[in-house]
Amino acid sequence: MRVPVINHDVLEQFIEEVQEMVEAYEPFLLALKEDPERREIEKKVAEVYYQLWHSIKGTGSFLGLKHLVYLAEYYEYMLDQVLSGVVTLYFDQILLLEKGTDFLKNNFNSIWQNKSDDALAQEVDKLVNMIIGEATGEKADNGFKQEIDGRNFIQSEMFETFLGETRELLLVAEQEFVLWDYVSIDHARIQDLSTVINRLKCNFVLFELHEFERLSLVIESTLNRFLAGEVFQGEYPERVFIQSIDAMTGVLQDFSVSGQYDAINIDKYLTSLQGLIRQPVGELLIKAGLVAPEAIEQALEIQREKKSDRPRRLGEVLVEMGEVTNDEVDKALNVQHRQRKHVEKAWNEIVPLKDQLIKVEEERPLPDKVEVDMKTIQQILKFVQNLTDSYGVSEIPKSIVQLEQLCQPLQIISIETLVVRIKRFVHDLVVERKETVSFSVLGADSEINYGIIKSLYLSIIHLIYNAFEHGLETVDERSMIGKPKRSRLRLWFLVKGNELLVSVEDDGRGIDIKKVLRQAVERNIIYANKTQELTNQELTELIFELSAQNINTDQETSTRGLSVVRKQLETLGGRAEIISRPQKGTRVTMRIPL
Amino acid sequence: MAKNVLLVDDSSTMRKIISRSLRQAGLDFGEIYEAGDGLEALEVLEKENIDIVLSDINMPNMNGIEFLREKAGRDGVKDIPVFMISTETGDDIIGEAKSLGAAGALKKPFTPDKVNEVLGPLM
């Protein structure tokens, strides 16, 4: 939508005004970047940038620059959180502010030339996604999602990866359940199946599909109970599992086609699953409140003791003890019976009539994505490149040009699969250690070179592990020193000029620099009087050097981690930089030349 | 009789838009004065003959709410009607403004018709 001619003078003044503000405020942002601890600068930056985006929102909406307004709303929200003291301006948010001003600077001309901001739609969406990505790490509990517009945040590339992986897992699970007769007698195989379900559950957790998370949890625990020795009732228990798997597959199918999913009611699946395990009479009576658990214990003992006689049923023993009446026992037995019927009914529901079976199979889409090894892809790309080069200055035939175009999407391999794996790693660490951590990943878009990240994968994992081991504090420690409850862990990717930067950053304890310096002096790596003058680079060297030495005496994983980082960086010709402040946190940045 | 207006908003562009809307409303406005924040606005109020104030809420140095508070304590100017103009329509902030003496609120940017509707009765 173009700004009408009568408002062109307003547009001109608007651009001038925003340009002035951007220029005037930039020094504050730079000062904050240099020294992120300065509270006064942080406050000033938040205030002025709030003014900036607030103005843009106001005048922008008058002029109909709706994309700018959309972006401004998100920046406003982010800065409002800072101003009201809910969050602090961290490195990545400063980066986002910078990106915002760069975006404005780069586009003033285009807005004036076109008298509109329509061309900026895509770039704005990208920035907005970054702001959301940054914020949801922390805000998910506060209902930030609902405030914006309730849409699903998952960026599309990541979702494709998730869908693919989840589909595969569901397929494996389905196949195993179909072969239940063979699986059920193989303990190890059931355990593998339980692991598959667990991974499904983790996927659903990551993407907040809560009903499926719950369903997977119940499937997993039912399998585990089976492993523990409990018995399934009903002739074909696997049908109940298959029913649940089908439900999940169906919904995912809808999603991949239409981009939306309708929440389903999983209650009937849950009931069927719970009905699989035969509930012993004792449990039923306790549930009904007729008997205390201690009485059951006693009865079981009596049952065990008097084994030599005709074996007595628990119900009988309880009646003898005077705990329950015969009627009550009968009732419990009825409940057991009903549950079994329920399970059988569930089985009947999922087996379609004969005609339907063929119809369903006819309509079921066949897999049509191919898996190709990356090496093969590189070879293909190389061939195509050689082919186009061989034409030199003469005209390249159309078919070759088309071939080149077809290969374009092969050039960029998204790092999303690696990012998903990293997120799962963090998720598992959080669960294992019962921590409260907000983890987010920035800058993992398609321009990041897959090969390099693959080579750095272990380094990233180790740096994250180190942050958990040494950096992050407990909730109590944090509240004592006035930090927000949730620890923050950030992984970010940035291409700056001809360097790739990968940083792992936490807001925890920081490295004990004094200890590092002490050790260094003790081991004669540096002179005692030199400790004050060290640059960041030298300090980083020191930390790496010490950990390399410690590796022989120290079994700590953290030292092993830094050695891994060092090795991987050497291979890539890169270097690392550690910035750490006591109680503020640590940031390890790896720089790799491109 | 022509009424003089004071526009208080930190964005010069916004002030331009608003004064244009005021002129287009066809009401008998005299001089339109401008101020960039609450502090400047108080200075203008002391110096010039102002009949109506239109003030933004979010401003540096002294925001709209603080401006209302300050103004209420100054005898010469406390009775001059103030209309809050803002992109917010949050009831709580407008409510607070009204409890501090604001005569009304206008969501910006506003059309000449809106100006007529809200300010017409005062002319």
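Measure off 7 Å from each Cα along the Cα-to-Cβ vector at B:Asn116 and A:Asn114, then give the distance between these two points in nanometres to one decimal.
Each label point is offset 7 Å from its Cα along the Cβ direction, giving 3.6 nm.
Expressed in nm to one decimal, what extension gain is obtained for the pair A:Leu300 and A:Ile481 from 0.36 nm per residue of sequence separation less their Cα-Cα distance?
Contour length minus Cα-Cα distance gives 59.7 nm.
Enter the Cα centre distance for the pair the range A:559-575 and the range B:18-80, rounded to the nearest angstrom.
63 Å
Multiply the residue separation of A:Arg364 and A:Leu30 by 0.36 nm, subtract the distance between their alpha-carbon atoms, and state the gained length in nm to one decimal.
The span from A:Arg364 to A:Leu30 would gain 114.5 nm if fully extended.
Using the Cβ atoms and a cut-off under 11 Å, what net charge is assigned to the surroundings of B:Ala2, where Lys and Arg are +1 and Asp and Glu are -1?
Taking every Cβ under 11 Å from that of B:Ala2, the sum is -2.
Report, in deg cm²/dmol and to the nearest 500, the calculated mean residue ellipticity at 222 nm for chain A, where each DSSP H run with n ≥ 4 adds -39500 (n - 2.57) and the sum is divided by the residue count.
Counting only the DSSP helices, I get -22000 deg cm²/dmol.
How much accessible surface does A:Arg566 have with a 1.4 Å probe, in Å² rounded to 10?
Here the residue's solvent-accessible area equals roughly 70 Å².
Enumerate the residues in the range A:36-72 having an amide nitrogen under 18 Å from the point lying 7 Å beyond the Cα of A:Arg581 toward its Cβ.
Those under the cut-off are A:36-47.
Pick out which of B:Ile52, B:Ile32, B:Ile85 has the largest mean-square fluctuation in a Gaussian network model of chain B, springs linking Cα atoms closer than 10 Å.
The residue with the greatest mean-square fluctuation here is B:Ile32.
Could you check the spin-label model distance between A:Gln122 and A:Leu227? Points 7 Å from the Cα along Cα→Cβ, value in nm.
4.8 nm
Going by average Cβ density within 10 Å per residue, which order do the peptides A:225-233, A:245-253, A:499-507, A:534-542 take, highest to lowest?
In descending order of packing, they fall as A:499-507, A:245-253, A:534-542, A:225-233.
Run down the aspartates and glutamates and flag those whose C-alpha is under 18 Å from the C-alpha of B:Lys78, throwing out any fewer than 8 positions away in its chain.
Answer for B:Lys78, where 18 Å is the Cα cut-off: B:Asp37, B:Glu40, B:Glu43, B:Glu46, B:Glu48, B:Asp51, B:Asp56, B:Glu66, B:Glu70, B:Glu96, listed by chain and number.
³J(HN,Hα) across the range A:389-399 via Karplus (A = 6.51, B = -1.76, C = 1.60, θ = phi - 60°), whole Hz, x for Gly/Pro?
5, 4, 7, x, 8, 6, 6, 7, x, 4, 4
On a C-alpha basis, how far is the centre of the range A:93-132 from the centre of the range A:1-80 in Å? Whole number, if you could?
A separation of 11 Å, based on Cα centres.
Could you give the radius of gyration (one decimal) and Dmax (whole number) of the Cα atoms in chain A, in Å?
Rg, Dmax (Cα atoms, Å): 31.0, 103.
How much net charge surrounds A:Phe177 when only other residues with a Cβ under 11 Å from its Cβ are counted (Lys, Arg +1; Asp, Glu -1)? Numbers along the way, then the final one.
Values: positive: A:Arg239; negative: A:Glu174, A:Glu176, A:Asp181, A:Glu238, A:Asp246.
Cβ neighbours under 11 Å give a net charge of -4.
Please give the calculated 222 nm ellipticity per residue for chain B, where each DSSP H segment of at least 4 residues contributes -39500 (n - 2.57) and the sum is spread over every residue; nearest 500 deg cm²/dmol?
-11500 deg cm²/dmol
Mean-square fluctuation check for chain B, GNM, Cα pairs under 10 Å: which of B:Glu48, B:Glu40, B:Glu70 is largest?
Of B:Glu48, B:Glu40, B:Glu70, the most mobile in the Gaussian network model is B:Glu48.
If amide H atoms are built 1.01 Å from N in the plane of the peptide, which residues on other chains or at least 5 residues away come under 5 Å of the amide H of A:Val324?
Amide H to amide H, under 5 Å and 5 or more residues apart or across chains, A:Val324 pairs with A:Val319.
Could you compute how fast the range B:1-119 diffuses translationally, taking Rh as the Kirkwood radius over C-alpha pairs and applying Stokes-Einstein at 25 °C with viscosity 0.890 mPa s? Give it in µm² per second.
In µm²/s, the coefficient is 176.
Calculate the mean, over all residues of peptide B:19-26, of how many other protein chain Cβ atoms lie within 10 angstrom of the residue's Cβ.
What the average comes to for B:19-26 is 1.
Of the peptides A:124-132, A:89-97, how do they stack up when ordered by the mean number of other Cβ atoms within 10 Å, highest first?
A:89-97, A:124-132
Roll a 1.4 Å probe over the protein heavy atoms and report the accessible area of A:Glu363 in Å², nearest 10.
Accessible area of A:Glu363: about 140 Å².
Mind checking the range A:442-537 for trypsin sites (Lys or Arg not before Pro) that DSSP puts in a loop (not H, G, I, E or B) and that have at most 12 other Cβ atoms within 10 Å?
A:Lys485, A:Arg523
How crowded by other chains is B:7-14, given as the mean number of beta carbons from other chains within 10 Å of each beta carbon?
Working: counts 0, 0, 2, 6, 11, 7, 16, 8.
Per residue, the number of nearby Cβ atoms from other chains is 6 on average.
Express in nm, to one decimal, how much length is gained between A:Asn536 and A:Ala292 on full extension, taking 0.36 nm for each residue of separation and deducting their alpha carbon distance.
81.2 nm
Once you put a point 7 Å from the Cα of B:Arg69 and another 7 Å from the Cα of A:Lys345, both along the Cβ direction, what distance in nm separates them?
For the pair B:Arg69/A:Lys345, the computed spacing is 6.6 nm.
How well do other chains shield peptide A:45-52, expressed as the mean number of their Cβ atoms within 10 Å of each residue Cβ?
Mean partner shielding for this stretch: 1.
Ranked highest first by the average count of other Cβ atoms within 10 Å around their residues, in what order do A:390-403, A:266-279 fall?
Sorting A:390-403, A:266-279 by mean packing, highest first, produces A:266-279, A:390-403.
The values are calculated or read from the model by the stated rules, or taken from the named source; none is laboratory data. What you are looking at is a predicted structure, and each value in this text was computed from that prediction instead of being measured. Cβ atoms come from the backbone with ideal geometry, glycine included; neighbour counts cover every protein chain shown. Ligands, DNA and RNA are stripped out before the accessible areas are found, and what is left, the full protein with its side chains, is counted by its heavy atoms. Shrake-Rupley method; radii C 1.70, N 1.55, O 1.52, S 1.80 Å.
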